[in-house]
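Asker: What follows is a single structure, and I will ask about it in a moment.
The values are calculated or read from the model by the stated rules, or taken from the named source; none is laboratory data. Please read all numbers here as calculations on a predicted model, not as lab measurements. Here the Cβ positions follow ideal geometry from the backbone for every residue, glycine too, while neighbour counts run over all protein chains shown.
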Amino acid sequence: MKFKNYEIKKIDDHLFEIPKSGSMLKPGRVYANEQMMRQLLSEEEPLQQVINVAHLPGIEKYSLAMPDIHWGYGFPIGGVAATDWDSGVISPGGVGYDINCGVRLAATALDSSAVKPKMNKLVEELFRTIPTGVGASNAIKKLNKKDMTHVLREGVYWVVEQGFGNEEDLNYIEETGKLDWAQPEQVSPRAIERGQTQLGTLGSGNHFLELDEIDRIYDERIAEVLGLFKGQIVVLIHTGSRGLGYQVCDDYLKVMGKAAQKYHIALPDRQLASAPINSPEGQNYLGAMAAAANFAWSNRQVIMTLAKKALLRVLGLSESALDFHLVYDVSHNIAKKEKHTVDTNVKKTVCVHRKGATRALAPGNTAIPDKYRSIGQPVLIPGDMGRYSFVCIGTQKAEEETFGSTCHGSGRLLSRHKAKKIAHGRDIFKEMAQRGVVVQARGRGTLAEEMPEAYKDVADVVNIMHSSGISKKIARLRPLGVIKG
Amino acid sequence: MKSKTFREIEHTADVGMEVSGKTLEELFANAANGFYSITGVPPGEASSAERYDLSLSELSKEELLVSFLNELNYLLMVQQIVITGFSSFKIYLDSPQWTLLCTGAVSRLSPQVYDQLQEIKSVTYHKIKIVHQKNGYTTQIFFDI
């Protein structure tokens, strides 16, 4: 197999290598099957972006891509790279515009048979309660600047203090919903302005809130530890830091463009603009990015609390009968200081960039909450709104091979334009209802753009990581009710 | 709004456009039209006599175009206003900086129109390269949706 002048090496059935060549500092590695790889070879961008990332100063081991790899900006979506903390760089292109876009899973004690007859009403109430769409705002009272400093610095700890959820929730969020190196003072006034009305809002595009039923369990023992059972009603939330995060990324892409010149960092793509981690520019970006990440976790925390209240109102149940609780919350657009084995048996501090990739820590890792430590970190992989999403678990192999990372979703198959063209004249609401999914969406074109056939089958992606031993499938979720932007 | 001075480029997840103009100023104004078309802003004249002044400086023409469109995106997404009918449009090199000065007419969007817009997270630097040919200037621009 050849991509441009690069001879692609097949490592095994699910892993391909782009050998180090030219000015690449490390090889590239792509988790994919033959069919996916052939598709990637026919495209210009994704593999070139894997190669470009391999030029980042201080990159360790490999420029990695998960099987949901597709064209991003700077990094491909599905890209993972770790840079040496002392001598490497940080790149906003390795995080993306939607800082700490991520997924949260909350479970209930309810069986789907009891809830299905009320699905229309539930979706209606969720849609009424949780603002969606381009201008989604004012889910809760507008935050003043002091409140914003709290949420950016303290993350979910602060929103819990304000009555959104409880302290127990903190245990079940990556980094407990707070990166303590956040620096709100490095977030621009414009970014803060954008965030003031957006806490507790879903936004648009592929963001969603779903009521799902667990329709398949792959590992009973682990599912039991996670508190998941067949037929159970769960809530899946996918959103991020909204306009605040986009603005932070914009602001720092400008800063990094100048920093790359200042520090003589030559990179093949302007979107990869970087600064040394230990430079003022690198530290300021890390501080602002962490603040935006704290905002995103807080956003999902508020949305979850609003969803719980909506469920209680419609179902008329007591809190104990509903038993609504957070299972886990993961980020899939972030850069973090972590320790990983780079050379044999030597743990090194690195900056792991995950751009459309999910942390997937092995059993025993102390970053995993006590309740789940023996089984590994829960990983949440959303699919399209008509088929299914997956709950997986991290493995030792992920820590050895991918800096503890796995895939994050399915990736688009059709462009938005093509999806709208195909959907023209069709009643997608009705089609979804025929599949047993009640949908409410704000935007005229959203439903067409987001219809199931516009996406790849997420099972293909999840199965590659399962077969590779990077993350293990535990449960499958089937959507019953969806709200979108 | 005119639609011949830009065309959409297919992108699986996002949206791109190719835009041209006889002068740099025209290229930027056409890029603004293309941006508004992609976001779904309905064509029309300014709804008020209100004017908005823009003044930006960057180290390259490309960075300036990204900043200009990101400014329009901020005004659209946050202030819910559209800037059209640019006048006194000037782009010049005052080494080492490229500077843009212009004035536009302000239209305020109704909540119904605003609600149906295509959200653009940001204007990207991906593949942006302003090329000067004999008929004027041309470039590609990609938007993260």
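Asker: Since B:Ile141 meets every condition but one in (1) assigned to a strand (DSSP E or B); (2) within 9 Å of chain A (Cβ to nearest Cβ), which condition does it not meet?
Answerer: Among (1) assigned to a strand (DSSP E or B); (2) within 9 Å of chain A (Cβ to nearest Cβ), the lone unmet condition for B:Ile141 is (2).
Asker: Please indicate, with yes or no, whether at least one residue in the range A:360-374 is within 19 Å of A:Ile470 (Cα to Cα), assigned to a helix (DSSP H, G or I) and modelled with pLDDT of 95 or more. Break it down stepwise before answering.
Answerer: Quick first cut of the range A:360-374, residues within 19 Å of A:Ile470 (Cα to Cα) only: A:360-368, A:372-374.
With the extra rule that they be assigned to a helix (DSSP H, G or I), the set shrinks to A:372.
Imposing the further condition that a residue be modelled with pLDDT of 95 or more reduces the set to A:372.
For the range A:360-374, residues within 19 Å of A:Ile470 (Cα to Cα), assigned to a helix (DSSP H, G or I) and modelled with pLDDT of 95 or more: present.
Asker: Based on this model, can you work out whether A:Phe429 counts as in contact (Cβ under 8 Å) with a residue 40 or more places away in the chain and of a type in the set (Phe, Trp, Tyr)?
Answerer: Taking the combined requirement at face value, the residue does not satisfy it.
Asker: Here is a further query. Collect the residues in the range B:121-143 that are modelled with pLDDT under 95 and touching a strand residue (DSSP E or B) at 6+ places or on another chain (Cβ under 6 Å), keeping them in residue-number order.
Answerer: The first filter runs over the range B:121-143 and keeps only residues modelled with pLDDT under 95, leaving B:127, B:133-135.
Result: B:Lys127, single match.
Asker: Still on this structure, I have one more. Is one or more of the residues making up the range A:89-104 in contact with a strand residue (DSSP E or B) (Cβ under 7 Å, 6 or more places away or on another chain) and over 23 Å from A:Tyr252 (Cα atoms)?
Answerer: yes
Asker: Answer yes or no as to whether A:Ser471 is surrounded by 21 or more Cβ atoms within 10 Å (Cβ to Cβ), assigned by TED's automatic domain parsing to the domain that holds A:Pro131, modelled with pLDDT of 95 or more and not hydrophobic (A, V, I, L, M, F, W, C).
Answerer: yes
Asker: Here is a further query. For residues in the range A:184-193 being within 14 Å of chain B (Cβ to nearest Cβ), surrounded by fewer than 24 Cβ atoms within 10 Å (Cβ to Cβ) and touching a residue at least 24 places away in the same chain (Cβ under 8 Å), which is nearest to A:Gly163 (Cα to Cα)?
Answerer: A:Ile192
Asker: Another question, if that's okay. Please determine whether any residue of the range A:240-262 is farther than 22 Å from B:Asn70 by Cβ, crowded, with 19+ Cβ neighbours inside 10 Å and out of contact with any Gly (no Cβ under 9 Å at 6 or more places or on another chain).
Answerer: No.
Asker: Could you say which residue among A:Leu447, A:Leu361 is under 22 Å from the mean Cα position of the chain (by Cα) and within 30 Å of B:Glu10 (Cα to Cα)?
Answerer: Just a single option satisfies the conditions, and that option is A:Leu447.
Asker: Hey, among A:Phe403, A:Phe429, which residue is more than 30 Å from A:Glu338 (Cβ to Cβ) and more than 14 Å from every other protein chain (Cβ to nearest Cβ)?
Answerer: Just a single option satisfies the conditions, and that option is A:Phe429.
Asker: Of all the strands (runs of 3 or more DSSP E) wholly in the range A:61-168, which have at least 3 residues that are surrounded by fewer than 23 Cβ atoms within 10 Å (Cβ to Cβ)?
Answerer: In the range A:61-168, the matching strands (runs of 3 or more DSSP E) lie at A:102-111.
Asker: Sticking with this one: Within the range B:1-32, which residues are more than 14 Å from every other protein chain (Cβ to nearest Cβ), small (Gly, Ala, Ser) and within 30 Å of A:Leu413 (Cβ to Cβ)?
Answerer: Those that are more than 14 Å from every other protein chain (Cβ to nearest Cβ), small (Gly, Ala, Ser) and within 30 Å of A:Leu413 (Cβ to Cβ): B:Ser3, B:Ala31.
Asker: Please go through the range A:14-44 and give me each residue that is more than 19 Å from A:Ala82 (Cα to Cα) and exposed (fewer than 12 other Cβ atoms within 10 Å of the Cβ), ordered by number.
Answerer: If the condition is that a residue be more than 19 Å from A:Ala82 (Cα to Cα) and exposed (fewer than 12 other Cβ atoms within 10 Å of the Cβ), then A:Gly22, A:Gln35, A:Arg38, A:Ser42, A:Glu44 are the ones that fit.
Asker: Among all residue pairs at least 6 apart or on different chains, which show Cβ distances below 6 Å where the first residue, located in the range A:171-183, is in contact (Cβ under 8 Å) with a residue 12 or more places away in the chain and the second is in a strand (DSSP E or B) and crowded, with 17+ Cβ neighbours inside 10 Å?
Answerer: From the range A:171-183, the pairs are A:Tyr172/A:Leu326; A:Tyr172/A:Tyr328; A:Ile173/A:Asp329; A:Glu174/A:Val330; A:Glu174/A:Ser331.
Asker: For the range A:249-271, does any single residue satisfy the condition of being at positive phi and either within 14 Å of chain B (Cβ to nearest Cβ) or not small (Gly, Ala, Ser) (or both)?
Answerer: Yes: one or more hits.
Asker: Here's something else I'd like to know. Among (1) part of a helix (DSSP H, G or I); (2) in contact with a strand residue (DSSP E or B) (Cβ under 7 Å, 6 or more places away or on another chain), there is one condition A:Cys392 misses while meeting the rest; what is its number?
Answerer: (1)
Asker: Of everything in the range A:336-362, what is among the basic types (Lys, Arg) and buried (at least 24 other Cβ atoms within 10 Å of the Cβ)? Give them in sequence order. So that I can check it myself, show each step before the final result.
Answerer: Residues of the range A:336-362 among the basic types (Lys, Arg): A:336-337, A:339, A:347-348, A:354-355, A:359.
A:Arg354, A:Lys355, A:Arg359 - these are the residues of the range A:336-362 that are among the basic types (Lys, Arg) and buried (at least 24 other Cβ atoms within 10 Å of the Cβ).
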